[in-house]
1. Condition first: part of a strand (DSSP E or B) and modelled with pLDDT of 95 or more. Now tell me which residues in the range 10-48 satisfy that.
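The values are calculated or read from the model by the stated rules, or taken from the named source; none is laboratory data. Since the structure is predicted, the reported quantities are computational estimates derived from the model, not experimental observations. Cβ: placed from backbone, ideal geometry, glycine included. Neighbour counts: every protein chain shown.
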C-alpha cells in the first residue's frame, strides 16, 4: 500500500512542477515528456481521453465509477480525437 502511495505522490510532484507549461494543441508524447506517466486515464466519447496526475485512492475509486467525475482534486488534461490537448485544469487547492 505504501508503494502505491509513493507512486501517486511521484506522479503528482512532476505534474505540479511542470503543469504551467501545458497548453492547448500539445500532443500526448509532449505531455508525457513534460508531466510523466499519468496516475489514471479515462476514455471518452468519440476518441477523446482524459489523463490525471495526483490521484488518491479516493479519486481513483470515484473516477472508476463515475467517469465524468469532478477533477477538482487532480491535475487533468483532456485530449481531443486527434490526441491533442483540448483542455486542462489544476486541482482547486493549487489555484489561488
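1. Here is the first cut: in the range 10-48, the ones part of a strand (DSSP E or B) are 27, 40-43.
Scanning the range 10-48 gives a single hit, 27.
A quick yes/no check of all residues on (1) part of a loop (DSSP other than H, G, I, E, B); (2) over 20 Å from residue 18 (Cβ atoms); (3) at pLDDT below 85:
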site	(1), (2), (3)
67	yes, yes, yes
70	yes, yes, yes
82	yes, yes, no
93	yes, no, yes
